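Beneath this line is the structure, given in structure tokens, with notes to follow.
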Amino acid sequence: MKLTIKKKLCIIGVVLLSYIPLTFANISGIMGPDIDPNDRSFQFRTAVSLADNDSQQDAWAYRVHYQHAFNDTFRGRVVMQYRDKGTFEYDFFRTELLYNFKKRAQGEIWSSAFRFDLRTRRASRPEEFAVNWGNQWSLSDGYRVRTTLILGQQLGGSRDSNDLSVQTRASFSRKLDNGTRVGLQMLNQHGELGDFGSIDKQGIYIGPSVSGKIGDYVYELRYLNGVSDGAPDNNFFFRITARL
């Protein structure tokens, strides 16, 4: 299916919007809006951000989640994350609800969803509620574009900010004839809505990814390079998903 100039400009514009930052080990991904109504699965993730010099420590993150599709419109997920920067410790617990409000009909390329997250953190750190807006364009010849806009709000008496935090993410990938998907990802954290710092202070992470299937398991490997002064240089990520 040929894309009109308007559609091409729209896709390019949304991808460029994502050009800007994450600290610590980047264990997050770029969400897909589509839901398999039969999805019942466990996933394990791990990521490491290597220290830039001898005075720092490598930062590790570990995550497990279970997700359950109620139908092709709603899917729930529970997430538990741990971190290790010299000491292994519990990080947070999160519940998620994905709402696929725009399905890709025959002859269309775009689908979209909202995801609502509620996170409870370790110790006295504040809770957080976030709204994720995920979009996907399924193009010809196996090409795919994904973007995510995330707005977060701290909750509770221990919060240290009343402003919205802003993140953007994007990926561009292609599925090869053997079923492997290769692509380029960018994960960005802009800071608070009323206080965006310079790009160098925020950090920009970008790098290649590869994903596919081995038997009944789905895997993804990714490398992100911190290309600004505020970002660690080398970040590695791995995840594996088991369908039930």
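We did not get these values from a lab; they are worked out from the coordinates using the rules stated. Here the structure is a predicted model, which means the values were calculated and not measured. Ideal geometry is used to build each Cβ from the backbone, glycine not excepted, and the neighbour counts take in all protein chains shown.
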Revision key, fill the gap. Checked against the positive end of the charge dipole of the chain (+1 on Cβ of Lys and Arg, -1 on Cβ of Asp and Glu, about the Cα centre), the farthest of Val79, Ser158, Ser124 is Val79
**Study point:** R0 of 35 Å, Cβ-Cβ distance Leu97-Asp54: FRET efficiency to nearest 0.05
**Key:** 0.20
Review point. Mean residue ellipticity at 222 nm from the helices of the chain, using -39,500 (n - 2.57) per DSSP H segment of n ≥ 4 over the full residue count, to the nearest 500 deg cm²/dmol?
Key: -2000 deg cm²/dmol
Check your understanding: Considering every Cα-Cα pair within the chain, what fraction, in whole percent, is farther apart than 24 Å?
Key -> 48
Check your understanding: What dipole magnitude, in Debye to the nearest 20, does the stretch 102-244 give about its Cα centre under +1 on Lys/Arg Cβ and -1 on Asp/Glu Cβ?
Key -> 660
**Study point:** Dipole axis of the stretch 40-243 (+1 Lys, Arg; -1 Asp, Glu on Cβ), positive-most option in Asn188, His65, Phe93
**Key:** His65
Revision key, fill the gap. For the stretch 100-145, shape from the Cα gyration tensor axes a ≥ b ≥ c, cut at a/c of 1.5 then a/b versus b/c, turns out prolate
Point to revise | Dipole magnitude of the stretch 30-72, debye to nearest 20 (Cβ charges: Lys/Arg +1, Asp/Glu -1, about Cα centre) | key: 180
Review point. Once label points are set 7 Å from the Cα along Cα→Cβ at both Asn234 and Gln153, what is their separation, rounded to one decimal in nm?
Key: 4.2
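How big is the dipole moment of the chain about its Cα centre under a simple scheme where the beta carbon of each Lys and Arg is +1, that of each Asp and Glu is -1, and everything else is neutral? Debye, nearest 20, please. Don't skip to the end; give the middle numbers.
Numbers: 32 positive and 26 negative charges, 208 e Å.
Rounded to the nearest 20 debye, it is 1000 debye.
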